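Just so it is clear, none of the values below were taken in a lab; they were calculated from the coordinates. Since we're looking at a predicted model, the values are computed, not measured. Because the Cβ atoms are built from the backbone with ideal geometry, glycine has one as well, and the counts that use them run over all protein chains shown.
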Amino acid sequence: MVTWLGIIAVGMALRQVDRWWFSPRRGGHTPTTLRDIRTLQRERANDFTPALLVAGHWTEMAGWCLVAAHGGPLGWVTAAVAGAVKLRHLQEVSHFAVHGVLTRSGRAGNVLCEVAVHVPLGFVPVPVRRRRHVREHHPNATVAGTDPNLRELRDAGLRNGVTGSRFLRALFFPFTAMGFAATVRGIAGNIIKGKGRWWRLAGFVAVPATITAFGGWQAVLFGYAVPRLLLYPQLAWMSLLVEHRWWDAETVPGPPAVVEGGRCLRLYPDNAVWALLARGTWLPYGDLYHYAHSAHPAVRWNYLPVLERNILGTPAYTPGGLVLGDEAVVRRHFRALAPRDEALSAAAPAAANGGR
């Protein structure tokens, strides 16, 4: 057990180097303007600490695989959950590489993202993700027929007129048979389509093969396969659900902060405990601050809390809960999609109990 915990601790320590280097508090001067933030970010940009950050996550992943290999049933469950969280974190780190702000060199960020995240996890090539996310999603968030993320939600069953049972099933889409099949098809398509299919396939297979060689079937099943195919997709799906007011966004003209204020949301603005838990698990790095990120995509995650607190404020919709409360995210999404009578009946119990 000491060995497993030691490996996990080493991985955590490696990650802290990047966190410390980019900390807005380091140096005793917290930036108070967007210009200050951009200047500080530019001065500290480098290609070394991001590599340590990614290496730290994979080192932790190795430790959790050993927990799965030797920890028995409790170790299987713990490793599966922790492994899913690690994959979720790697997804978000690579997201900032796609935006070009993970490293000083854009080329270094692309290579690091491709080799250490996209290939081993079976993601699309970095240029494809950049086109979909930066060029297609960001300028067109919540726009039907244009936003690829909204199309993904619709394909999972979240569309106008959805019934309560279908809505509930769509919330857990990655756990359903259709969702699992979509995950497998997506990985296969990402690997075999386009250029470099053979080296992408080799890179993808190398991870479970290595885990099996050093940890056995328990390690690869509970430390990697279950997280990659089931748990991580659900965490990423939950994150997608709370990024925007997908079906009742307000179209507000103006500068980016105003536009995004009408279509984004900010979860847990007044609950530090839930916010900290979300940041550590399913909304890591900049994901909890999606409004600030949407308004200024070129700002690294380290500075998004400062950007929100000192410059932007919060958007119009600031739910205090994911599920509970009349203004919770899930309830609001359902009211925006469901037939009027069903939406009203779903809202009535919460209203009768005083809402939030």
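If we keep just the residues of the stretch 269-309 that are hydroxyl-bearing (Ser, Thr, Tyr) and under 16 Å from the mean Cα position of the chain (by Cα), which is surrounded by the fewest Cβ atoms within 10 Å (Cβ to Cβ)?
We begin by selecting, within the stretch 269-309, every residue hydroxyl-bearing (Ser, Thr, Tyr); these are 281, 285, 289, 291, 294, 303.
Among the residues that remain, those that are also under 16 Å from the mean Cα position of the chain (by Cα) are: 281, 285, 289, 291, 294.
Numbers: Thr281: 16, Tyr285: 20, Tyr289: 27, Tyr291: 28, Ser294: 22.
The residue in question is Thr281.
Only one of these conditions is not met by Val242: (1) among the β-branched types (Val, Ile, Thr); (2) surrounded by 18 or more Cβ atoms within 10 Å (Cβ to Cβ); (3) touching a Gly at 6+ places or on another chain (Cβ under 6 Å). Which number is it?
(3)
Show me the helices (runs of 4 or more DSSP H) entirely contained within the stretch 87-205 in which 3 or more residues are more than 18 Å from the chain's Cα centre (by Cα) and surrounded by fewer than 17 Cβ atoms within 10 Å (Cβ to Cβ). Give the derivation first.
Working: elements: 106-113, 126-130, 148-155, 164-171, 177-192.
Of the helices (runs of 4 or more DSSP H) lying wholly inside the stretch 87-205, those with at least 3 residues that are more than 18 Å from the chain's Cα centre (by Cα) and surrounded by fewer than 17 Cβ atoms within 10 Å (Cβ to Cβ) span 106-113, 164-171, 177-192.
Which helices (runs of 4 or more DSSP H) sit wholly inside the stretch 232-350 and have at least 2 residues that are of a type in the set (D, E, K, R)? Walk me through it before giving the result.
Details: elements: 232-241, 256-263, 272-280, 290-295, 304-307, 329-337.
The helices (runs of 4 or more DSSP H) meeting that bar are 256-263, 329-337.
Regarding the stretch 34-51, can at least one residue be identified that is farther than 19 Å from Pro297 by Cβ and either under 17 Å from the mean Cα position of the chain (by Cα) or small (Gly, Ala, Ser) (or both)? Quick ask: steps written out before the conclusion?
Within the stretch 34-51, the first condition is being farther than 19 Å from Pro297 by Cβ, and the residues that meet it are 43, 46-49, 51.
Right, trim to either under 17 Å from the mean Cα position of the chain (by Cα) or small (Gly, Ala, Ser) (or both) and you get 51.
Yes; the residues of the stretch 34-51 include at least one that is farther than 19 Å from Pro297 by Cβ and either under 17 Å from the mean Cα position of the chain (by Cα) or small (Gly, Ala, Ser) (or both).
Take the residues in the stretch 216-234 that are surrounded by fewer than 22 Cβ atoms within 10 Å (Cβ to Cβ) and within 21 Å of the chain's Cα centre (by Cα), then tell me which one is nearest to Val184 (Cα to Cα).
Per the stated criteria, the residue is Leu229.
Go through the stretch 253-263 and count every residue that is closer than 17 Å to Ala336 by Cβ and out of contact with any strand residue (DSSP E or B) (no Cβ under 6 Å at 6 or more places or on another chain). Walk me through how you get there before you give the answer.
So the first thing to find is which residues in the stretch 253-263 are closer than 17 Å to Ala336 by Cβ, and the list is 262-263.
In the following step, the residues that additionally are out of contact with any strand residue (DSSP E or B) (no Cβ under 6 Å at 6 or more places or on another chain) were identified as 262.
The qualifying residues number 1.
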